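**Q** This is the structure I want to talk about, given as structure tokens.
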Amino acid sequence: MSQEQNLEDDAQSGCSLDECTRVADLWFPDANLILRAENTLFRVHTGIICARSAVFSDMISVPQPAQPEDQTLDGHPIVYLHDSAAEVEVFLRAVFDSNYFMPPPSPTEFNSVIGIMRLAHKYDVPYLFRRALCHLESVFSPTLTDLIGALITRITPPSVEFTLGDVNVSLITISAVSEVGAVWILPAACYCACTFSVKDILSAGKPWNTLGADQQQICLTSRAELIRATTRTYRLFRRLPSPHCSSVDTCQIAVSAAHDRLENRADRNYDAHPLETWASNDISTKLCDTCHQLWTELSTEAQESLWAALPGILELPEWDELYKTRAAVLEAST
């Protein structure tokens, strides 16, 4: 086994084997492979995990030297995984329980998606890696229409269960997809992170501190650009009512009310979410047909313009390159 794989350690750390926690439904008495992650033990079947994971298959195929008694259990050597116990648990559940991690639209938890994605990438389990990416795309879609449908209008809610209004979800996603090379998810994840106040972002703790200095800088500078984009929304109201408006007084009242709501949102630090501003503002329901059509055209053009520019704002490759990367990664995972 290569040193880079970091699958085993020469010495134990933490508590003794007797003190370690055994995960009951991932402890098969007739299995012959014992894994340790932090202070948690798993006993699984070599044949199954090797059939799924090229990394485990390569590691198991290499004859291992005799291990000291304190590094064996029931005569089986212990393989030390340098991963969190929580992530190893969800990863192994996905490998050994075919009903645990189903493809979208079956629901799953955010932390499970991140853990399975990271370890499926690390240990080369292509079908789980691809499945995790599809779940994550249901939240942070690389297409404008799907992103709005999932996170703003909620017409097509994501398959991933998570807490709306939690900046950590976006920040953890940024770190994880950067690690596994799923860069096409970054625009949506970074956009969502930037919609939070600077105070919320800087107070996120570990998820924020885990990002590299360059990513942190991009998040903060990009937020300033999104504030400017939101401000440009106000200017769209100058185009209303339409010159052909059939109810000028009514439409003018609707425009003024919408403008006031936007200003109130800005006062509450909700000032960097231009896509939400255009997509969910209820002004359109209170306009005459002519003004409604004009507003739809103006807001759609503004949304598409921002979306096209978003990778550049975030110092990422253009959308065409991101889509090519997506195709290459997903094809390599088939």
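**Q** Among rounded, prolate and oblate, which fits segment 182-334 when a ≥ b ≥ c are the square roots of the eigenvalues of its C-alpha gyration tensor, a/c under 1.5 means rounded, and a/b larger than b/c means prolate? Write out the running numbers ahead of the final one.
**A** Numbers: a/c = 3.16, a/b = 1.69, b/c = 1.87.
Oblate.
**Q** Here is a follow-up. If each residue of separation counts as 0.36 nm, what is the full-extension length gain between Tyr127 and Thr231 once their alpha-carbon separation is subtracted?
**A** Details: separation 104, 0.36 × 104 = 37.44 nm, distance 4.33 nm.
The span from Tyr127 to Thr231 would gain 33.1 nm if fully extended.
**Q** What ranking do 242-249, 302-309, 15-22 get when scored by the average of other Cβ atoms within 10 Å per residue, highest first?
**A** On the way: 242-249: 13.0, 302-309: 15.8, 15-22: 11.5.
So the order, starting with the most tightly packed, is 302-309, 242-249, 15-22.
**Q** Still on this structure: What is the ratio of the Cα radius of gyration of the chain to 2.2 N^0.38 Å, where N is its residue count, to two decimals? If you can, show how the numbers build up before the last one.
**A** Details: Rg = 24.8 Å, N = 334, 2.2 N^0.38 = 20.0 Å.
Ratio of Cα Rg to 2.2 N^0.38 Å: 1.24.
**Q** Relative to the longest principal axis of the C-alpha atoms of the chain, give the angle of the C-alpha long axis of helix 126-137, reported between 0 and 90° and rounded to the nearest 10°.
**A** It is inclined by approximately 30 degrees.
**Q** Let me ask another. Distance from a point 7 Å along Cα→Cβ of Ala54 to each backbone N in segment 74-117: keep the residues under 18 Å and list them by number.
**A** 117
**Q** I've got another one for you. Using alpha carbons only, how many degrees (0 to 90, rounded to 10) separate the axis of helix 248-267 from the longest principal axis of the chain?
**A** 40
**Q** Going by alpha carbons, how many degrees (0 to 90, nearest 10) lie between the helix axis of 167-180 and the longest principal axis of the chain?
**A** Roughly 60 degrees, rounded to the nearest 10.
**Q** Another question, then. Do you know the relative contact order of segment 225-313, to the nearest whole percent, from alpha carbon pairs under 8 angstrom that are 6+ apart? Intermediate values should be presented prior to the final figure.
**A** Working: 75 pairs, mean separation 34.8, N = 89.
Rounded, it is 39 percent for segment 225-313.
**Q** Then there's this: Compute the FRET efficiency between Gln252 and Ala328 as 1/(1 + (r/R0)^6), taking r as their Cβ-Cβ distance and R0 = 51 Å, and round to the nearest 0.05.
**A** Values: r = 52 Å, r/R0 = 1.01.
So, using R0 = 51 Å, E works out to roughly 0.50.
**Q** Related question: Within the P(r) computed for segment 225-313, what percentage of the Cα pairs occupies the region above 22 Å? Write down the numbers at each step before the final one.
**A** Details: 972 of 3916 pairs.
That fraction is 25 percent.
**Q** Now for a separate question. Return the calculated 222 nm mean residue ellipticity for the chain, to the nearest 500 deg cm²/dmol, obtained by summing -39500 (n - 2.57) across DSSP H runs with n ≥ 4 and dividing by the residue count.
**A** Working: 15 runs with 183 residues, N = 334.
It comes out at -17000 deg cm²/dmol, rounded to the nearest 500.
None of the figures in this text is laboratory data; all of them are computed from the coordinates on show. Not measured: the values here are computed from a predicted model. No Cβ is skipped: glycine too gets one built from the backbone with ideal geometry, and neighbour counts run over all protein chains shown.
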